[in-house]
Each structure stands twice: as C-alpha cells, then as structure tokens.
Amino acid sequence: MAKSIVIVESPAKAKTIGKYLGPKFEVLASLGHVKDLPKKDLGVDIDHSFEPTYTVIPGKEKVLAQLKKSAKKAEAIYLAADPDREGEAICFHLAEELRDGDKKPLQRVTFNEITKRGVQEGFAHPTQIDQNLVDAQQARRVLDRLVGYQISPLLWDRVRRGISAGRVQTVALRLVVERERLVRAFVKEEYWTVDAHLSAGKAPYFDARLVRHIQPDGTVSKEEIKIENAEQAEVLRVALENAGYIVRSVETKERRRNPLPPFITSKLQQDSGRKLRFSVKRTMGLAQRLYEGVELGSEGLVGLITYMRTDSTRVSDDAIKEVREYIDQQYGAAYLPGKPNTFASKKGAQDAHEAIRPTSVHRDPESIKQYLSEDEHKVYKLIWQRFVASQMPAAIFDQTTVEVDAAAKDGKHYLLRTTGSVLKFDGFLKIYEESKDKGDEDDEALKKKLPALKKDQALKLLSLKPEQHFTEPPPRYTEAALVKELEEKGIGRPSTYANILSTIQDRGYVSKTGGKFIPTELGFVVNDLLVENFQDIFDLQYTARLEEQLDAIEEGQEKWTDAMRDFYKKFSKNLEYAEKHMTNVKRMEKPTELSCDKCGKPMVIRWGKHGSFLACSGYPECTSTRELAIDLPDLDNAELTDQTNDEYCENCGRPMALKRGRFGQFMACTGYPECKTTRRLDGPQKQADVPLDEKCPECGKNLVVKFGRYGEFTACSGYPDCKYIKQNLVGVKCPECGEGDIAEKRSKRGKTFFGCNRYPKCTFSVWQRPIAEKCPQCGNPYLVQKNLKAGPIIACPKDGCDYERPDESAPPPGNAGEASHVPAQH
C-alpha cells in the first residue's frame, strides 16, 4: 500500500514528526534548501524583471533523486518545512522538482510546535504554498546577491581579495565603527560627588548625596551642584563637616514593575547573551534542537518549545489556560491575575506565529533536566520562566525618597537626597528576574536599606565621602547590545542576526575583546570606502525601509519586482559612482616624516595583504619595510585581566580568561578540560601548553595538551627527551586485525584520517570516521561517517554497497541568513 510522504528540513525533525504520524506516512529530510542561485554566476537577469536562475545545490543531487523516487510511489506529498520565508522557499523549490502534473495531491503543512497536538493540527488544515512568502524570500535573496556579487569584486580590486560586502552585514559593521569612533573621540571629564554617611540613632545607617542648594526663602535651587575638581569638593566637605542635619521630607510611593511578555527571537538572543553569556549563534542552535525534538525517556521524542523565529508576543488560548491553571496550583491565587496579561506586539510584527514558549508548561525545567544537555537546559529554563512569569502579577515595591537639610555654620543650607526600595510583593519576580543594564536605578535603590524616618528628625553625621569620578564614553557593542540596536533601528531580522554577527568576525572586520566588538584596521577601511561610495544603499534608514518593503511583499501589498526596480535605480547609480571614485587602497602611498634606515629616502604608508605598513619610497631600488604601529584603542584593564567576567565562552557560557603562553596572549575557557575553547587575540599566535593530571606511560612525567599547526594534541611534557604522543582513540576495534584500536591521525599535509594504532604491524586506514556498527545491507563489519555538502550521512564503505542514512547525531542545518557573497574567479 502506497504511503504519503512528508518532507521536512532535518533528520531530527523528521524523526520527531514521524513518531506522531504513524505507518501511513514516510517522513523524509531535504537537509535544508535544495536549490539556490548559482555560485559562479550572478544568476539574476536584471534586464528581464530580475528573473532569478535557480540550480540544484552541488551535493544535493543524491538527496533530490531519493526524494523524487519516494514521491513517485507516494499517494500524496506534504511539504512541512519551517513556517517562515525560508521554509516556504524550500517547499516551493521542492514542489517544482517533485510535482507530477496534477496526478497526486501536493500540499503545505505547518507546525508552530512539534508535539502530537501541533502535528495533528497542522495536518488537519493543509494549505497551498504561500506565494507572497516565497516572493519575500526571493526578493531578499536577489537583493543580497546583487549587493554581494557587484560590490565584492570592487573591494577585491581596491582593497584585498576574499573580502565581501553585504546589504545588512555592512550596516552592522557601520554601527560598530561609528560607535568605536565615538569611544576614541571621547574626552573624559572629571567630576566629584560628596556623600554624607548618616545615623538616625539606630541601624541601618545610610548615605545621602549632596545635590542642590536650599535658597534663603526655603525653596530648592533648580540647578544641581556641579563639583568639577578636588578643590571644589574640599570646600564643600569643610562646609558640611560641621553642619547640622535634619530630615526635610520623607515621601513613600508604591511602585509596580510589570512582567515582560514571553520571548520573541531578538529578546531571547539578548537575554541569553546577558544571562547565560551565549552567543546569538549558539542560542539559536540550542533553541532549534529544543524545537525539533528531544528524547524524554518513555515519552519519546518531543518538541519542547514553539517555533523560535518569531516577532509576535501572541499566545494561544489553550496555552494561556494551561499556564494560568499551573500558576494557581503551584503558587496560589495571590500569584494569578484576575484576567490574562496581554502584550502588544511591536509595529509590523508578523502574528502568524506565537511567542516562544514551552509546548507544555507542566514540563518544568527540573523535571526534564536529566534528558537535556547543560546548555539546552539553561535555554529551556530561560524560556519556561519567562513564559510563566508573563502571566503572573506585577511586583510591588515601596520606594522611599528622603531629603536632608544640611545647615552649615556660614548660614548656607544644602540639600542631600537618598532613595531606598522595599519589596512588598514579589509577583512575577518569584520565578524570573529580567536582565538589566549595569547601574539600573531600581536595583541600586533596592540595595539601600533606610531606617524609619520622619520630617524634622535630627540626624548625626558619621563621615563625609568626597569621591572622584570621570564621565564615561558610550559602551562598545556586545552581541546582545548590537542585536538590540539592529532591532530598534529595524535593520535585518532576528533570524539573520547570528549569520551577520558571525560574518563580520569571520571576514576580519571586527574582533571581540572582553565580549565587546572592536573594528580592525581592515574593518575601518572597508566601512569608510563603502559608506562614502554607497551613501544610499548602506544608509541606516534606507536599509530599515527595505526591510519594511520585504514585509509588505510578504503581506501581498507590494510586488517584489517593483521593490527590485526601486532598489536597483539607487544601487546602479551608487555602483557607477564607486567604480569611478572609490580609492584604490592597494596603490595608496601616504607620506610620513620618517626616513629609510637603509637609503635615507622618505618612508611612506602602503597597504598590503595584512594591513598597512611602512615602506621606502625608493622601491624597487630599496625594498626596506617596517611594521607600522597601529592606533589601537585604549582598553580598560578589566577587559584584559584574568579576573574579568566581561567575556564568556560562546560554547559553554563560562568566563573566558586571559592566558599567556610562549607565543603571546590568548583567551581560554575557564571550563577546561570539559570545554577547550580558545581565541587568539592578535594574529596567529601559538597557545600555551595546558597541563593534565594524566601521567606519560613511557617516562612518568605529566601529559600536556599542545596546540600545533593542525590543532590540539596530547603529548608528554618531557619533550624533546620523551616523544610520546597520546593517540586519540575513537572507540572502534580495528576491523582488519581485530587486535588494535582505531585512532584519529594526521597525514603529513595535515589531513585527518583513521588508522590502526598497531601500525606498522597493521596498515588499516580510512579517511572517514569508522563506527562500530555492522552494515545491515552487506554485513561489512563497520560503517563510516561522511560529511557531504548535502549534509552528514552514515554509509557503508564497501565497494558495491550503496547503504546510507542521514546522520541524526549531527546538528541540524539552520535557516539561511543573509548571505555574504564572494564571487568565484573565472
């Protein structure tokens, strides 16, 4: 009997959905997109309505052939990729390839959550492919291709080969560069504060800060007292030292702090960055796994959260009902509002998806902790707590502001002020504390405990504390802060942020120090050339308007080809200008006052493969060069010390620490040896050996982790006297000799292969990682893991056997973000 086939993107998602559909359905994975614009050509016919040419992605031919084979036998075809633009485009291209006239039904199904209820709901209401969503994705893809393929060659010619421009990527770089210039141009200004440490007769003692003068008529001056230097601070200290202090006023107000809405994508990325210290990329990878399904013991595979790419705060009525019942049962009636809390979505939000929430609030984080990795649990807990807290009442504080009159001996009166808060009812704070910016006033007030005070009460001065301060520049962007800025300015979409932040780092435009983005010399050069020559395309407001146009296309309010024409008018004009006027940095020679050490001629600044350098103007007769001292930013000591908590490991969230090795400084995760993440600070510096407790089996000295040109390896600390190197066994017995174990090895050219550790007695070796599993088709004693362009698979290496299956242990392919195109050379 013919089955219906269901096609999704990843094997993990296929496995979870297959569990709910039963034997009448076969669930297959496309492993992401199957078609895209060609890599070697522009693939867009500008003269004919920007018609794109799509080709099968290299490496996906076999996947597509298998899908076609299954589709021919199938009773019906259901396309079930993610419910967003990228998912719709995947389904559109699959439909083009699999459609067999009108002979069999081909329908689109979507799930907001991968649970039994969610899957059954999706199949109960199948639809057709949404052409508006496809057009919006196609418009974005064509926009990014035009920008990347037509600007990148210009950068190759004028700056350096291999670099790129991106429609949103360049605007993100612009934000980082402009912030860095503000930081470097900032001039610190000195100012002082004077705090009086006071007593009302019994503890707690408290501090009040000098803020204003009190006029002779008893009114308070409108202007605050500005203390610019130590001399002014000393004059005020002397005046206050022998003053009499009385309470001028006590005012207590009730303040409410309302719960926040459940997460949308950008807020999850920001909160995960601040609280868990996870990168945007890591957060989205973990959320993807929670969405696609996790094995929960006897319950089997279950999707734990709703779809994680959303900008809507909407929550279904069923979920609201469930969470309200849970709050009532677990926390009592006091923590249940009279009616559900509602939240307004931001302007332009797509309400097709719900907010990010647990698929069942009854799966509290502790009850499923044993089934999740440490990091999966952290992200799930964050999502669960935020959702439950969103349906709890506001927290209530009593905030007391006390004003103190200090009467100096010379007859002048000074006003001092302090504020303290007391939590009366914790409300939603019982389970969730939102992340805040450093120095939040509410938090500072909560730390202050004030005694019971009344008007005209006399106070005793215990001490005065004049303190010097300096104004601070605007902070450099962290990942969370840059995501917030991009979101607020309407630039890009949360689903693309991980890709954008990775690209500007991978291209060498920015580096991360202390968790903060700092532009490199290359980043400054590329940004300035692009912003100067493409004033329309890389304008922040114009980029935001383009995002609004893409939303309008998705809603069916605008044709995608009309948006392309409007864009290309501006773009072609900018491109023509840039081709004529963009500075050729490669040929640039900037005069200096320095002289050549060899011939005495003036030195000039030139641009090379690795940045700017000093060279003799007498070249080629004189080839003298010298390193140029780059104007690096002044960094706070806290950003470059072992104790700093400003930078956290993007893989596990633990603090990164500055380490010093034989070849310079590097950042390393403090979670070693569980986490071996390291990051170079400047260029290809080598990293220090990391000692282990394990002893060398040959000489008895400690083993160390070393970092060689091909990665890390474990060897004896007694080198060169002892040359023992520990082999990295993969847990598989040699299938040839049966006595040895298979170990991961490196060839002379640095390529990884797997061979028997009894070499040269046994010469067995393979390029792919072996798995201790018998081939179910031909009986070969082992299978191998292969990483194909189409995705990872497990296959039989024996000639003539074609057994293979998707590797479900590998991470699923993510949604495509903004592509940063580097055109191929012909």
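Residue under question is Thr306, and the condition is that it be modelled with pLDDT under 95, open to solvent by less than 50 Å² (accessible area, probe 1.4 Å) and over 27 Å from Leu21 (Cα atoms); does it hold?
Against the criterion (modelled with pLDDT under 95, open to solvent by less than 50 Å² (accessible area, probe 1.4 Å) and over 27 Å from Leu21 (Cα atoms)), Thr306 does not qualify.
Across the range 486-513, which residue is farthest from Lys346 (Cα to Cα) among those that are open to solvent by 40 Å² or more (accessible area, probe 1.4 Å) and part of a helix (DSSP H, G or I)?
That would be Asp506.
Of everything in the range 687-723 that's among the basic types (Lys, Arg) and in a loop (DSSP other than H, G, I, E, B), which residue is modelled with the highest pLDDT?
Residue satisfying both the conditions and the ranking: Lys701.
Are there any pairs with C-beta distances below 6 angstrom linking a residue in the range 596-615 that is of a type in the set (Gly, Ala, Ser) to a residue that is assigned to a loop (DSSP other than H, G, I, E, B) and open to solvent by less than 70 Å² (accessible area, probe 1.4 Å), with the two at least 6 apart or on different chains, and if so which?
Ser612/Leu628
Give the range 449-485 a look and list any residue that's part of a loop (DSSP other than H, G, I, E, B) and touching an Asp or Glu at 6+ places or on another chain (Cβ under 8 Å), or say none.
Thr471, Arg476, Tyr477 - these are the residues of the range 449-485 that are part of a loop (DSSP other than H, G, I, E, B) and touching an Asp or Glu at 6+ places or on another chain (Cβ under 8 Å).
From the set of residues in the range 583-616 that are in contact with a Leu (Cβ under 6 Å, 6 or more places away or on another chain) and not small (Gly, Ala, Ser), which is surrounded by the most Cβ atoms within 10 Å (Cβ to Cβ)?
Met603
Which residue, of Arg184, Arg158, Arg141, is crowded, with 21+ Cβ neighbours inside 10 Å, in contact (Cβ under 8 Å) with a residue 12 or more places away in the chain and either within 28 Å of Gly490 (Cα to Cα) or hydroxyl-bearing (Ser, Thr, Tyr) (or both)?
From the options Arg184, Arg158, Arg141, the qualifying one is Arg141.
Given the conditions (1) part of a helix (DSSP H, G or I); (2) closer than 30 Å to Lys512 by Cβ, and given that Ser298 satisfies all but one, which numbered condition is not satisfied?
(2)
If I filter the range 351-366 for residues that are without any contact (Cβ under 8 Å) to a residue 12 or more places away in the chain, at negative phi, open to solvent by 40 Å² or more (accessible area, probe 1.4 Å) and of a type in the set (A, V, I, L, M, F, W, C), do I get at least one hit?
No, there is no match, as no residue in the range 351-366 is without any contact (Cβ under 8 Å) to a residue 12 or more places away in the chain, at negative phi, open to solvent by 40 Å² or more (accessible area, probe 1.4 Å) and of a type in the set (A, V, I, L, M, F, W, C).
Out of the residues in the range 11-49 meeting the condition of being within 23 Å of Pro105 (Cα to Cα) and hydroxyl-bearing (Ser, Thr, Tyr), tell me which one is surrounded by the fewest Cβ atoms within 10 Å (Cβ to Cβ).
Tyr20
The values are calculated or read from the model by the stated rules, or taken from the named source; none is laboratory data. Fair warning: this is a prediction, and the values are worked out from it, not measured in the lab. Every residue, glycine among them, receives a Cβ derived from its backbone with ideal geometry; neighbour counts consider all protein chains shown. These area figures cover heavy atoms from the full protein model, side chains too; ligands, DNA and RNA do not enter into them. Shrake-Rupley method; radii C 1.70, N 1.55, O 1.52, S 1.80 Å.
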